[in-house]
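So the structure is just underneath, and the comments pick up after that.
The values are calculated or read from the model by the stated rules, or taken from the named source; none is laboratory data. Worth saying up front: this structure is predicted, and the values here are computed from it rather than measured. Backbone-built Cβ (ideal geometry, glycine too); neighbour counts: all protein chains shown. Surface accessibility is based on the protein's heavy atoms, side chains included, excluding ligands, DNA and RNA. Shrake-Rupley method; radii C 1.70, N 1.55, O 1.52, S 1.80 Å.
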Amino acid sequence: MAKVIVITSGKGGVGKTTTAAALSAGLALRGHKTVVIDFDVGLRNLDLIMGCERRVVYDFINVINGDAKLNQALIKDKRLDNLFVLPTSQTRDKDALTQDGVERVVAELRQDFDYIVCDSPAGIERGAYLAMYFADEAIVVSNPEVSSVRDADRMIGLLASKSRVAEEGGSLPQRLLLTRYDAERVEKGEMLKVEDVQDILAVPLIGIVPECPSVLQASNIGTPVILDEKSNAGRAYAEAVGRMLGDDIPVTVPRGTKRGLIDRLLGRSA
């Protein structure tokens, strides 16, 4: 029976879809049959990051409405045999997602997959609610910035009260993934320190993904950044996947690159 993991946050632009793509690819790399679902109806982006946008024929909403079978909508990744994508619709509104429909699709996927990764839209609207409702575990994505952390804190509260696990009297496991971490900006006081974020959110830290140009490069070519072995961000995501699977990997805080005297005098960045 599959484990359902929701990738969520309160704020947009923190890297949820990048994270959903990377973690699902990482799970597949480790031998687990994985499907990643796009819950952001109307603003479909997961298929672009996964590099399968031209292969979309049927989508999540078609399956919910009975216009297509689940196997017709699932897209098999070209690089990883264990990885599948369930894209969503660009033309429907978010009301097209129904609780009964999502439950039916998730139940069917549970029979055939090890992991179901749900790429949640930002905020607390219907798509985000349904992405979290059926989750067995949540990964809350946040940048180390005040507005992002505040919105993540709001989402943590909703996960603790609005998920089905919570409604049934249980506690939904939650972990924090910090993205776009820039050590030099932290040193300048422009971003929050890791320990400050942890004090505010009070959920276990599963990883720190540094600010890295390879993330944008990977998105532009439709490849999960975790597949770039030379990327600092890719390696950080791979370590996060290891921790998800129980590997004993310490979380290290990225350090800034110190510049030499000539670089500082000329105002050059490292």
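So here's what we get for this one:
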{"item": "Enumeration of residues in region 2-20 that are at negative phi, open to solvent by 10 Å² or more (accessible area, probe 1.4 Å) and outside any helix (DSSP H, G or I)", "result": "Lys3, Gly10, Lys11, Gly12"}
{"item": "Hits in region 130-151 - residues which are buried (at least 20 other Cβ atoms within 10 Å of the Cβ), in a helix (DSSP H, G or I) and of a type in the set (Ser, Thr, Tyr)", "result": "Tyr133, Ser148"}
{"item": "Count of region 222-238 residues which are among the hydroxyl-bearing types (Ser, Thr, Tyr), in a loop (DSSP other than H, G, I, E, B) and open to solvent by less than 20 Å² (accessible area, probe 1.4 Å)", "result": "1"}
{"item": "Subset of region 152-179 (residues that are surrounded by 19 or more Cβ atoms within 10 Å (Cβ to Cβ), at pLDDT 95 or above and not aliphatic (A, V, I, L, M))", "result": "Gln174, Thr179"}
{"item": "Region 97-124, subset of a type in the set (A, V, I, L, M, F, W, C) and without any contact (Cβ under 8 Å) to a residue 40 or more places away in the chain, residue least open to solvent (accessible area, probe 1.4 Å)", "result": "Val102"}
{"item": "Qualifying positions in region 47-105 - touching a Lys or Arg at 6+ places or on another chain (Cβ under 6 Å) and farther than 18 Å from Ile116 by Cβ", "result": "Gln90, Lys94"}
{"item": "Helices (runs of 4 or more DSSP H) fully within region 155-221 counting 1 or more residues that are more than 19 Å from the chain's Cα centre (by Cα)", "result": "164-167, 183-187, 194-201"}
{"item": "Single residue of Leu86, Leu80, Leu46 found to be open to solvent by less than 70 Å² (accessible area, probe 1.4 Å), under 23 Å from Ile221 (Cα atoms), in contact with a Ser or Thr (Cβ under 7 Å, 6 or more places away or on another chain) and not basic (Lys, Arg)", "result": "Leu46"}
